Amino acid sequence: MYLTKTEEKMLDGEEGYAVKKSMEILVALGNIYGAEKLIEVGSVQVAGVSYHNLGDAGLEFLNELAKDGKVKVLTTLNPAGMDLEDWRKLGIDEEFARKQNLVIDAFRKMGILISCTCTPYLIGNLPRYGEHVAWSESSAVTFANSVIGAKTNREGGPSALAAAFVGKTPYYGLHLDENRVPDTHVEVRTKLTKFSDWGALGYCIGKQVQNKIPYITGIKDASVDELKTFCASVVTFGSKPLFYMKGITPASEKYQPPKEKIVLEDRDIREAYERINDDVEDIDFVCIGCPHASIKEIEEIARLLENKTISPNTEFWVATSRSMKQLADNRGYTEVIERAGGKFACDTCMAVAPLKGRFRAVATTSAKGCYYSRHNMMLTKMGSLEECIEAAVKGKWS
Ligand code: F3S
């Protein structure tokens, strides 16, 4: 891979340890994937923040980099393993909190914004159409590539950090237009009638196209919240963090539907629910906000919980960013949700918090949330927000 004089000096260690290490990572990646050069990135989003996933080895790696590493571009963080302020309320133990705080201290020292959200585009890390970025959270990467039309590979935690310290990333993969051409036409012949249908649709498309790029037709309208849950699902059950949706995503007009075609009908959506949902009635955990809840979703939760009480047998979480929670505080939504017995889980989420063994069955609006909850040994139910709120109030899935 071609390096400029300045980049060569970085690789030789002239800018210190973190930049040298980062250059080694970027050059190795560039050589593996045949990148011709490095390109500048407008922003970085770093995943691998939860101590639950990092462990002591990950913490040590971050502390080494934090000794002299400072990010060169706007860099935001994915959710951590706990609410950074109210972790006790979520049942997190002291030792985990101590270690998680050390992880956050290391990121703070690097000059990273302690945003702890998988929806950076809702809180100010919003690239423009066509901008190159280096993001690592899969749902955010899919949203950036598809809904915004920015360009990013699905970075790992270390390669995203490396891009942040250098301000550049190797020019390969989805940074190149020739790798962004859709190759499967997906015609949707079913009506999406409730929010969770978008997760079910992502399940169907992801499973069927796997690592191809779908060009989706047949969808008339989609809100940002529907698109963000679809992004999370399609990349979880498939693997390519890019799709086109005719008339909805900005670059869809550049292409014609490919010849290879898949048709999705009502029965496909029904089957997705059958596969995602377990046969369970008693629900002891309800979590909304995967990806992190927007202010509109929080408003809706508050409206549905007004004058209701969550079952004493059920824990109810709204997973969101701290910035969104501040808006909810100002609008009075937090008070309504907490009065009903709900809790805000800021900075964290149902997948990266240490939840294994704590709950038996979860209800959520998110297909991705169900996927990760199964890894946490929970039975799962996916449904509309109304169905999830009802489950929280009754402690049962109707
Ligand atoms: Fe976000 Fe966690 Fe879901 S990172 S997409 S809330 S699994």
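The values are calculated or read from the model by the stated rules, or taken from the named source; none is laboratory data. Since the model is a prediction, treat every value here as computed from it, not as a measurement. In this analysis, Cβ positions are derived from the backbone assuming ideal geometry, glycine residues included, and neighbour counts consider all displayed protein chains. Protein only, heavy atoms only, side chains kept; ligands, DNA and RNA dropped before computing areas. Shrake-Rupley method; radii C 1.70, N 1.55, O 1.52, S 1.80 Å.
Residue-by-condition table, conditions (1) of a type in the set (D, E, K, R); (2) open to solvent by less than 40 Å² (accessible area, probe 1.4 Å); (3) modelled with pLDDT of 95 or more:
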{"residue": "215", "(1), (2), (3)": "no, yes, yes"}
{"residue": "218", "(1), (2), (3)": "no, no, yes"}
{"residue": "227", "(1), (2), (3)": "no, yes, yes"}
{"residue": "239", "(1), (2), (3)": "no, no, no"}
For this session: Look at segment 251-300 and say how many of its residues are closer than 20 Å to residue 368 by Cα, hydroxyl-bearing (Ser, Thr, Tyr) and part of a helix (DSSP H, G or I).
Result: 1
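Quick test for you: out of 289, 332, pick the one residue that is within 16 Å of the ligand (Cβ to nearest atom), modelled with pLDDT of 95 or more, more than 19 Å from residue 88 (Cα to Cα) and of a type in the set (Gly, Ala, Ser).
Values: 332 fails: within 16 Å of the ligand (Cβ to nearest atom).
None of the others qualify; the one that does is 289.
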Exercise. Within the set of pairs 6 or more residues apart or between chains, which connect a residue that is open to solvent by less than 80 Å² (accessible area, probe 1.4 Å) inside segment 321-338 to a residue that is of a type in the set (Phe, Trp, Tyr) with Cβ atoms less than 6 Å apart?
Worked result: 325/344
Problem set entry | Criterion: over 24 Å from residue 3 (Cβ atoms), more than 16 Å from the ligand (Cβ to nearest atom) and loosely packed, with under 14 Cβ neighbours inside 10 Å - qualifying residue of 66, 57, 97 | 57
For this session: Could you tell me which numbered condition residue 159 fails, if it satisfies all but one of (1) surrounded by fewer than 24 Cβ atoms within 10 Å (Cβ to Cβ); (2) over 18 Å from residue 264 (Cβ atoms); (3) within 16 Å of the ligand (Cβ to nearest atom)?
Result: (3)
For this session: Return yes when residue 85 is more than 22 Å from the chain's Cα centre (by Cα) and open to solvent by 30 Å² or more (accessible area, probe 1.4 Å) and no when it is not.
Result: no
Problem set entry | Residues that are in a loop (DSSP other than H, G, I, E, B), buried (at least 21 other Cβ atoms within 10 Å of the Cβ) and under 22 Å from the mean Cα position of the chain (by Cα), drawn from segment 176-213 | 195, 213
Exercise. Would it be correct to say that residue 366 is of a type outside the set (A, V, I, L, M, F, W, C), touching a residue at least 60 places away in the same chain (Cβ under 8 Å) and open to solvent by less than 10 Å² (accessible area, probe 1.4 Å)?
Worked result: yes
